[in-house]
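Let me begin by presenting the structure, written as structure tokens, before commenting on it.
The values are calculated or read from the model by the stated rules, or taken from the named source; none is laboratory data. The structure displayed is predicted, hence computed values, not measured ones. Using ideal geometry, Cβ is built from the backbone for each residue, glycine included, and neighbour counts are taken over all protein chains shown.
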Amino acid sequence: MEQEQIKKMCDATDDKPFQAFLRDEGWKYDTEDDILAAYTRKVKSYQGTPLTEDEFLSELGIKYTLEGRQLYAKLYPLVQTGALKASNLYEYARFKWCLRHPEAVIACETGPKRWVVNNCGEEISTDRAKQIISNQWGFDIGRIEIVGTPYYDASDWNFIRFRCAGVDWVMHNDSLDQIYQ
């Protein structure tokens with residue numbers, strides 16, 4: 001899309017969110033119709049309507065069709081149960097979280113109708129996970145038992161389920177919650 005076409009679209013609307021979308025993501029699309037379809041997907045999801053599988057795949061891009069179908073099959077039931085919001089479903093597509101590892105989509109209930117869901121795709125060793133938990137939260141490293149696969153993308157992007165002294169915990173994106181039973 002040429003700069004002149006983008007400028008005309010911005011001038012034709014007073015919609016600041018649309019202008020921000022054009023500035024941040026407009027470069028990804030070839031036609032005005034593609035831009036408007038992408039913006040519509042975003043608005044729809046932030047208004048609470050989950051993307052359909054086809055919309056989810058469109059947001060991911062054509063080269064991720066097989067992986068996208070598997071990821072959508074893991075995520076959509078989480079939207080239906082309330083573990084994820086429609087906007088979260090959109091963000092999994094937009095940021096391609098867990099795309100290569102749909103099995104990394106794990107949800108833990110941390111309170112009545114309160115969930116945390118993994119959005120990290122990098123697996124780390126259990127020893128490294130124990131070290132992170134001990135350093136950040138002060139748990140005795142010898143008493144930490146990692147449950148499942150720990151995931152970690154950065155110091156504030158992580159998902160590590162663990163048990164310590166008979167209590168189940170989840171470290172999720174730099175916060176710590178006890179798993180609700």
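General remarks:
- Only a single item in (1) over 25 Å from TYR39 (Cβ atoms); (2) not assigned by TED's automatic domain parsing to the domain that holds SER175 is not met by GLU122, and it is number (2).
- Scan of segment 114-165 for residues that are among the charged types (D, E, K, R) and either touching a Cys at 6+ places or on another chain (Cβ under 8 Å) or in a loop (DSSP other than H, G, I, E, B) (or both), ordered by number: GLU122, ASP140, ARG143, GLU145, ASP153, ASP156, ARG161
Per-residue answers, yes or no, for (1) modelled with pLDDT under 85; (2) in a helix (DSSP H, G or I):
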position: GLN5; (1), (2): yes, yes
position: ASP30; (1), (2): no, no
position: SER45; (1), (2): no, yes
position: GLY48; (1), (2): no, no
position: PHE56; (1), (2): no, yes
position: THR65; (1), (2): no, yes
position: LEU71; (1), (2): no, yes
position: LEU75; (1), (2): no, yes
position: ASN88; (1), (2): no, yes
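- Residues of segment 38-65 classified as under 19 Å from LEU84 (Cα atoms) and either polar (S, T, N, Q) or in contact (Cβ under 8 Å) with a residue 60 or more places away in the chain (or both), total: 4
- Just one of the listed residues (LEU71, LEU78, LEU89) is closer than 30 Å to ARG163 by Cβ, in contact with a strand residue (DSSP E or B) (Cβ under 6 Å, 6 or more places away or on another chain) and not assigned by TED's automatic domain parsing to the domain that holds ILE160, namely LEU78.
- Residue satisfying all of: in segment 137-173; farther than 18 Å from ALA104 by Cβ and buried (at least 16 other Cβ atoms within 10 Å of the Cβ); nearest to the chain's Cα centre (by Cα) among these: TRP169
- Filter result for VAL79 (within 24 Å of VAL43 (Cα to Cα) and part of a strand (DSSP E or B)): no
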